[in-house]
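Notes for the one structure printed next.
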Amino acid sequence: MIQYDIETLERIVADLLAEAKRQGATQAEAGVHAQEGLDVTVRLGETESVEHSNDHGLGVTVYFDHRKGSANTTDLRPEAIRETVAAACSIARHTSEDPAAGLADPELMAREISDLDLDHPWEIDPTEAANIARRCEEAARAHDPRICNSEGATVHSGRGLFVYGNTHGFVGGYPSTRHSISCAILAEQDGDMQRDYWYTNSRVPEKLKAPESVGEEAARRAVARLNPRKIDTTECPVLFKAEVAAGLMYALFNALRGPALYRRASFLLDMLGEPIFPDWVRISENPHIPQGLGSAPFDNEGVATLTRDIVSQGVLRGYILDSYSARKLGTQTTGNAGGVRNPRIDSSGETFEQLITRMGRGLLVTELMGQGSNTVTGDYSRGAAGFWIEDGRIAYPVAEITVAGNLRQMFDGLLAVGCDNDIPGAVDTGSWLIDRMTVAGN
Amino acid sequence: MNNALDIARATLLDAPGLSEQSLSQVMDQLLSRQIDAADIYFQYGRLESWVLDDGIIKEGSHSIEQGAGLRAVSGEKTGFAYTDDLMLPQLLEAAGAARAIAEAGQNRRRAISARTDIPRLYAPINPLESLTEQDKLDLMRRLDAEARAADPRVQQVIVSLAAAHDTVLVIDDRGELAGDVRPLVRLNVHVIVEQNGRREQGSAGGGARRGLDFFLDQERGLGYAREAVRQALVNLEAIDAPAGMLPVVLGPGWPGVLLHEAVGHGLEGDFNRKGTSAFAGRIGEQVASPLCTVVDDGSLPERRGSLNIDDEGTPTGETVLIENGILKGYLQDKMNARLMGMAPTGNGRRESYAHLPMPRMTNTYMRPGEHDPQEIIASVDRGLYAVNFGGGQVDITSGKFVFSASEAYLIENGKITAPVKGATLIGSGPEVMTRVSMVGNDLALDPGVGTCGKEGQSVPVGVGQPTLKIDELTVGGTAA
């Protein structure tokens, strides 16, 4: 159903930039996207919903010297181009002169746009998608007699095109795909009902995990949670399972982002070159992984993305900046307009089982709830569910508890990162063992 | 034109050149013998936002979103497609895709008729034009100055202002047409304060289905600036929060996020039809202390969570969820109401034309009780008094929910003493509500700041409650 191709989008970007110049902008940047997708959900064996998505939109930012204005629309017709640029220019008449505002410097633009192999369309119709979802859900329902109900299994396939350009003459764009199979299932025993889910996602349909394995994992997780206890308030080691440890990576990144730094609203202020983790810790970003879920050859400003260490030997090596925050801080952009791409923390070598043994007695967290991570102070307090570990073994499920601490001390007290990094998503991490946190329960 | 339906027709049908005949043609394409229900949702939305940061107007943006979502329902099965183009060929194509869940059948004839029983809870104005650009920016600058003048420890002030103007039109398979024009404004002040190297933040704001002049009334906007500074300064003095089970007194207004998480989501029709909610099948049972009466009301004038009609064209109203502790009802959209043999409650909502509607809250609050708030605090030997919150989250199935306090104090010997750091509170919805032992006489609604997320869709909501006491709740601090 996509009526657009890369060339058409490039032409719209060129028209937007020309129109911005014509309306008097000294600099401008523009992006256009078009995407289509299919979502099919099967619940209790029956097709529950078939959703077709088909989006497009354009956005433009104009600069009149150092005054900035932005506008966007879902309408790609030629008259919309003129109106949108006019709306952005009208905004720029009212914003203030800001010396840091403007495009990224021209010499930083990506010169070669490498093909990262991100485009793998899935020729799948709603009936085939429903069959895959049905296999996934059936496997979940057949896994254990305690599986009592289902929220269904969903197959998603999407393909998008986007082009970004600016008045330095940079223009770049590419198609990319993203597919997933997910399942949410309920288990019941002795009047207690628990829900859990699992999923697989990839740019390449053939690389999705088998639908049955996704359903079984969802079921395994739901059953394991049944009849949780609430433990007494205590201080103990905490093991964050890989899929929730990914959130700790983002808590770190949020404190290293430009706005948090130039507003002096980060618990990691002035820590560049200083140790913030034990000396074995290395955290990197890897934007050029072929077929990577977070891969991108250039950032949201056209700046070449970089494979680099953010933390090595436990020392903070770099911030996470776009050109605006870099200017505010008197430094160079790190190519992170739009975020950190394919972040990874190296494992310290232990398997998940070894981490449990090493912890001996403590809390394994498999689910976190709520916000409760304060970027200004590093204070951390979140709702949790998981398992109590006793004598190096999983003893029983726990729920309705919180884990709390301060991120500075949690990073300092990182004892190990597991090699159990086979989790869905763009973050590459194993489970994190942290020496001590406060667990609140009874 | 000051009638919402007329404005919606002019914007969404006349402008792109869609006649009633073409609407009927698209509906025919969407329907077949096996389709129980169908609707088309047209939307044209404009949003303008401004950010003041570092003392200057740093950013502004303007966005337009328009399109139509087409849905066909057969039993428990839904087909859905949407288009950004309000042109007949694209609408017909989307209708064909949405209808594909069922075999094609014969067409029905219908007359297009307008729904006439729609209340007017807010004026069909365009809030983007409710102040001049200069007045919008002056307002933001005044708030910046007010916050900085309030205390020398204020280091950073970020003011954000947004105005949205949404025009929607819904037509269902019977040809019934309903329209709404929905203004929504929001203003927020965020400050960073510093004292002896310690930095803390504070945030305050509000909003309504009004023009931006809402923020000028009684210096409301300036009040946000002062409130944000006050909260940040309180946090500078905060000590570690306690960890463990404690009596918790929640202040009036925004702490009503408790109700939203502990009971509201669990009473949405979809979860109860599917039997996945901890409240499923419990209508008529005691699920809260007899002091608790909780309602959802989308028909409060000018409130952020209010709507003249929901996104399926059903007028909103008051739904009693819990009355004197007894579970009374669910929040319903059309599909779940039909499948459960109940009446729609005007809670069918969607983020936009590109999303499917589902049962959602509007303004959810607890009716006041009899206690003086001071009396409630005085009744606690050692506990927590929490007055401001960040967001919350709930696991519908287990009933476990969290909400994060951003301003809280210890209660010692019946008196409010030291402020404590932000902490997450966790409980089980059906249990916690039975432990409500005192309800104040000071019902307040939140200032108009809530946004609720469900299955990836965000919608504006409101909450409210009087001061109330929960005998035991787990407080996630670090001071054991």
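The values are calculated or read from the model by the stated rules, or taken from the named source; none is laboratory data. Here the structure is a predicted model, which means the values were calculated and not measured. Every residue, glycine as well, gets a Cβ built from its backbone with ideal geometry; the counts of neighbours run over all protein chains shown. Heavy atoms of the whole protein, side chains included, go into the accessibility calculation; ligands, DNA and RNA do not. Shrake-Rupley method; radii C 1.70, N 1.55, O 1.52, S 1.80 Å.
Observations
- Segment A:228-441: C-alpha gyration tensor shape, a/c 1.5 cut-off, then a/b vs b/c: prolate
- Structural descriptor for segment A:6-224: relative contact order 22 percent, calculated from alpha carbon pairs under 8 angstrom and at least 6 residues apart.
- Per residue, chain B exposes 33 Å² of accessible surface when a 1.4 Å probe is rolled over the protein heavy atoms with every protein chain present.
- Listed pairs B:LYS334/B:LYS454; B:LYS328/B:LYS400; A:LYS207/B:LYS77 exceeding 23 Å between Cα atoms: A:LYS207/B:LYS77
- Computed with a 1.4 Å probe over protein heavy atoms only, the accessible surface of segment A:6-224 comes to 41 Å² per residue.
- Alpha carbon centroid spacing (whole Å) that separates segment B:340-414 from segment B:188-240: 21
- Solvent-accessible area of A:LYS68 with every protein chain in place, 1.4 Å probe, in Å² to the nearest 10: 50
- Taken residue by residue and averaged, Cβ atoms of other chains lying within 10 Å of the Cβ of B:74-83 number 5.
- 37 °C / 0.692 mPa s Stokes-Einstein diffusion coefficient of chain B, Kirkwood radius on C-alpha pairs, µm²/s: 138
- Of all DSSP-defined beta bridges confined to the protein assembly as shown, some 90% are antiparallel rather than parallel.
- With every protein chain in place, segment A:34-181: carbon and sulfur % of accessible area (1.4 Å): 45
- Cα gyration tensor category, rounded, prolate or oblate, for segment A:6-224 with a/c compared to 1.5: prolate
- Note on the protein assembly as shown: dipole from Cβ charges, positive end direction compared against A:MET437, A:PRO290, B:ALA68; the farthest Cα belongs to A:MET437.
- Segment A:228-441, accessible area per residue, ligands and nucleic acids excluded (1.4 Å, Å²): 34
- Buried area at the B-A interface (accessible, heavy atoms, 1.4 Å probe, summed, Å²): 5700
- Along its principal axes, chain A has C-alpha extents of 71, 56, 35 angstrom, given from the largest down.
- Projecting the Cα atoms of A:LEU239, A:TRP388, A:MET271 onto the dipole axis of segment A:228-441, where Lys and Arg carry +1 and Asp and Glu carry -1 at the beta carbon, places A:MET271 farthest toward the positive end.
- Between A:THR307, A:THR333, B:GLY175, the Cα set farthest toward the positive side of the dipole of the protein assembly as shown (charges on each charged residue's Cβ, about the Cα centre) is that of A:THR333.
- Lys, Arg +1 and Asp, Glu -1 on Cβ, resulting dipole of the protein assembly as shown about Cα centre, debye, nearest 20: 800
- Residues of segment B:432-480 whose accessible area (probe 1.4 Å, heavy atoms of protein chains only) drops by at least 10 Å² once all protein chains are present, relative to their chain alone: B:THR474, B:GLY476, B:GLY477, B:THR478, B:ALA480.
- The overall shape of the protein assembly as shown is rounded: from the C-alpha gyration tensor, with semi-axes ordered a ≥ b ≥ c, the ratio a/c is less than 1.5.
- Burial here means at least 40 square angstrom less accessible surface with every protein chain in place than with the chain by itself, probed at 1.4 Å; in segment B:147-190 the buried residues are B:GLN156.
- Whole-percent carbon and sulfur share, accessible surface of segment B:149-221, 1.4 Å: 42
- Panel note: contact residues of segment B:263-283 (accessible area lowered by at least 40 Å² against the chain on its own; 1.4 Å probe) correspond to B:LYS274, B:THR276.
- Accessible surface of segment A:228-441, 1.4 Å probe, proportion on carbon and sulfur as whole %: 46
- With Cα atoms, 0 to 90° folded angle of helix A:242-256 axis to chain A main axis: 40
- Here chain A carries DSSP beta bridges of which approximately 95% are antiparallel, counting only pairs with both residues inside.
- Segment A:6-224 - charge dipole about Cα centre, Lys and Arg +1 at Cβ, Asp and Glu -1, debye rounded to 20: 440
- Debye, to nearest 20: dipole size of segment A:228-441, +1 on Lys, Arg Cβ, -1 on Asp, Glu Cβ: 520
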